[in-house]
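Q: For reference, the structure I am asking about is given below.
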Amino acid sequence: MRIHLSIAALALLLLASCGGGSRSGTATTTAPATPVAAAVNLSAKAQVGQKIFFDRSLSASGAMSCASCHDPDHAYGPPNDLSVQLGGPNMNTPGTRAVPSLRYKDVTPPYADLLDNPDGVSVPGPGGGFDWDGRAPTLAEQARFPLLAAHEMANVTAAAFAVKLRKVAYAAQFQQAFGANALADDDGALAFATQALQAFQLEDPSFHPYSSKFDLYAGNKIGGTLTAAEQRGMKVFTDAGRGNCASCHYQGAGLNGSSALFTDFSYEAISVPRNMAIPANQDPAWFDMGVCGPIRTDHLPTAPGAANAFCGMVKAPTLRNVAKRTSFFHNGVMHSLEQVVRFYNTRDTMPQLWYPTVGGTPKATPDADFPTWGLVTTQYVGGTVQKFNDLPAAYRANIDPQMPLDGRAAGSANPMSERDIADLVCFLQTLDDGYQPPATPAKSGTCVD
């Protein structure tokens with residue numbers, strides 16, 4: 001269980017430590033991100049990493065770079081609403097997971113089964129690491145996966161990657177940064193390349209700009225005044241009886257000198273619906289169970305169905321720039337921020353809107369009050385809802401029972417009201433980087449009053 005912060009405690013933490021997609025309308029305006037500011041003084045290794053990051057020639061297809069999926073104009077996340085991206089030698093091989101943003105990774109600790117929670121109160125638990133399952137301990141190790149993965153840049157082996165790297169126009173610059181013999185050995189060349197990518201992500205401020213409206217608010221800066229709707233949304237965010245978002249998306253002083261990252265680096269099992277748009281999910285025996293595999297291999301069950309407390313656990317990502325995304329959760333099953341919030345609000349009370357129903361009779365025309373914002377838009381009479389259909393039954397006891405996903409009975413009251421939902425979305429939009437205060441703030445409208 002995580003401990004939430006009251007709104008008063010949140011304000012004190014932020015002012016002390018931070019000094020100085022929904023498609024609904026908003027009172028904010030944003031400026032497009034840029035790959036790298038011209039004034040940034042990068043080290044020699046980071047300069048090489050920058051070139052590698054945008055270099056499509058390093059892929060088997062010649063058409064994919066790191067930036068293809070981690071687009072700087074989309075907060076270093078995907079530039080489209082695909083659940084999984086396409087890559088491989090012919091750019092038509094689908095992945096198995098949604099692409100996360102690369103922003104705000106600079107203080108992420110390596111994975112540990114018992115990582116101290118940054119809130120200083122919750123008991124230690126699985127946390128840290130990179131990727132949805134935490135299998136990479138550093139940004140350099142994380143970068144190795146997409147360079148070699150068959151459904152991404154598809155070099156497959158270090159040798160295949162090194163052949164391409166030796167041909168780049170900046171090969172001499174690479175050797176200046178890492179040594180005259182840096183390209184001589186295949187494995188060494190790959191290792192140096194991932195170190196360069198890590199240096200670029202750590203040094204360039206566009207990966208951690210802290211340029212949102214929320215940052216102005218937290219720093220008590222001009223332009224950071226939250227609207228009435230945004231303030232109400234922040235209360236929903238921290239309220240353990242409503243949104244309870246802060247229990248995992250911690251926003252206080254954090255690890256390694258960080259602050260307001262909106263993640264505690266932890267892992268939770270909430271069993272979002274299975275995404276049948278992912279080709280791998282057509283195999284009924286395939287389950288992506290996060291920390292316990294099968295992509296990560298050091299926490300696998302000893303046998304199919306054997307007890308394993310890690311099965312189903314997936315990393316709680318930062319919520320910074322969450323409103324810029326158009327695919328959500330590790331399997332990209334949802335495509336708007338409002339839909340995500342509604343899932344948290346009604347997974348238990350209206351599971352028929354999120355999980356398939358079997359054995360029921362579909363209505364030719366849904367009732368007038370049947371919601372249209374869920375994943376399931378067909379109304380059924382009778383039948384059984386296949387709740388938690390993307391986690392084997394043996395591991396459903398691992399599902400986190402804290403609010404708002406507290407396992408309450410279907411048909412019972414929702415934790416959040418319609419106004420709570422709208423206000424929470426408004427608050428989450430204040431976490432988007434690139435905020436430019438309007439010359440004349442709006443006095444009424446969505447996300448204002």
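The values are calculated or read from the model by the stated rules, or taken from the named source; none is laboratory data. As the structure is a prediction and not an experimental result, all values here were calculated from the model. Glycine gets a Cβ as well: all are built from the backbone with ideal geometry, and neighbour counts include every protein chain shown.
Q: Which is surrounded by 16 or more Cβ atoms within 10 Å (Cβ to Cβ) and more than 29 Å from Gln282 (Cα to Cα), of Gln352, Gln429, Gln339, Gln379?
A: Gln429
Q: I need the helices (runs of 4 or more DSSP H) fully contained in region 136-207, keeping only those with at least 2 residues that are more than 21 Å from Leu42 (Cβ to Cβ).
A: Correct list: 139-148, 158-165, 186-203.
Q: Can you tell me which residue among Leu337, Leu319 is under 19 Å from Phe214 (Cβ atoms) and under 9 Å from the mean Cα position of the chain (by Cα)?
A: Criteria check complete, one pass: Leu319.
Q: Considering only region 65-77, how many residues are in a loop (DSSP other than H, G, I, E, B), surrounded by fewer than 24 Cβ atoms within 10 Å (Cβ to Cβ) and not polar (S, T, N, Q)?
A: 1
Q: Still on this structure, I have one more. Looking for something in contact with a Lys or Arg (Cβ under 7 Å, 6 or more places away or on another chain) and over 20 Å from Leu82 (Cα atoms) - is there at least one such residue anywhere in region 324-338?
A: There is no residue in region 324-338 that is in contact with a Lys or Arg (Cβ under 7 Å, 6 or more places away or on another chain) and over 20 Å from Leu82 (Cα atoms).
Let's see how each residue does on (1) hydroxyl-bearing (Ser, Thr, Tyr); (2) within 20 Å of Asn398 (Cβ to Cβ); (3) at pLDDT below 95; (4) in contact with a Phe, Trp or Tyr (Cβ under 7 Å, 6 or more places away or on another chain):
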| residue | (1), (2), (3), (4) |
| --- | --- |
| Leu202 | no, no, no, no |
| Lys213 | no, no, no, yes |
| Thr227 | yes, no, no, no |
| Phe265 | no, yes, no, no |
| Val272 | no, yes, no, yes |
| Pro279 | no, no, no, no |
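Q: Are any of the residues in region 296-317 closer than 24 Å to Leu86 by Cβ, in contact with a Ser or Thr (Cβ under 8 Å, 6 or more places away or on another chain) and part of a loop (DSSP other than H, G, I, E, B)?
A: For region 296-317, residues closer than 24 Å to Leu86 by Cβ, in contact with a Ser or Thr (Cβ under 8 Å, 6 or more places away or on another chain) and part of a loop (DSSP other than H, G, I, E, B): present.
Q: Further question: If you check Ala44, Ala37, Ala60, which single one turns out to be modelled with pLDDT under 75 and in contact with a helix residue (DSSP H, G or I) (Cβ under 9 Å, 6 or more places away or on another chain)?
A: Criteria check complete, one pass: Ala37.
Q: A further question follows. If a residue must be over 18 Å from Asp390 (Cβ atoms), of a type in the set (S, T, N, Q) and out of contact with any helix residue (DSSP H, G or I) (no Cβ under 7 Å at 6 or more places or on another chain), how many such residues does region 314-356 contain?
A: So the count comes out to 5.
Q: Quick check on my filter: what residues within region 236-254 are of a type outside the set (S, T, N, Q) and either assigned to a loop (DSSP other than H, G, I, E, B) or in contact with an Asp or Glu (Cβ under 8 Å, 6 or more places away or on another chain) (or both)?
A: Answer for region 236-254, where residues must be of a type outside the set (S, T, N, Q) and either assigned to a loop (DSSP other than H, G, I, E, B) or in contact with an Asp or Glu (Cβ under 8 Å, 6 or more places away or on another chain) (or both): Val236, Asp239, Ala240, Gly241, Arg242, Gly243, Cys248, His249, Tyr250, Gly252, Gly254.
Q: In this structure, does Ser247 turn out to be polar (S, T, N, Q) and surrounded by fewer than 23 Cβ atoms within 10 Å (Cβ to Cβ)?
A: No: the conditions fail for Ser247.
Q: Looking at Phe207, Phe214, Phe174, which one is aromatic (Phe, Trp, Tyr), surrounded by fewer than 22 Cβ atoms within 10 Å (Cβ to Cβ) and in contact with a Leu (Cβ under 7 Å, 6 or more places away or on another chain)?
A: Going through Phe207, Phe214, Phe174 in turn, just one is aromatic (Phe, Trp, Tyr), surrounded by fewer than 22 Cβ atoms within 10 Å (Cβ to Cβ) and in contact with a Leu (Cβ under 7 Å, 6 or more places away or on another chain): Phe207.
Q: A further question follows. Out of all the residues in region 66-80, is one or more more than 21 Å from the chain's Cα centre (by Cα) and under 17 Å from Ala154 (Cβ atoms)?
A: no
Q: Let me ask another. In region 382-426, how many are among the hydrophobic types (A, V, I, L, M, F, W, C), surrounded by fewer than 13 Cβ atoms within 10 Å (Cβ to Cβ) and either modelled with pLDDT under 95 or part of a helix (DSSP H, G or I) (or both)?
A: The total comes to 2.
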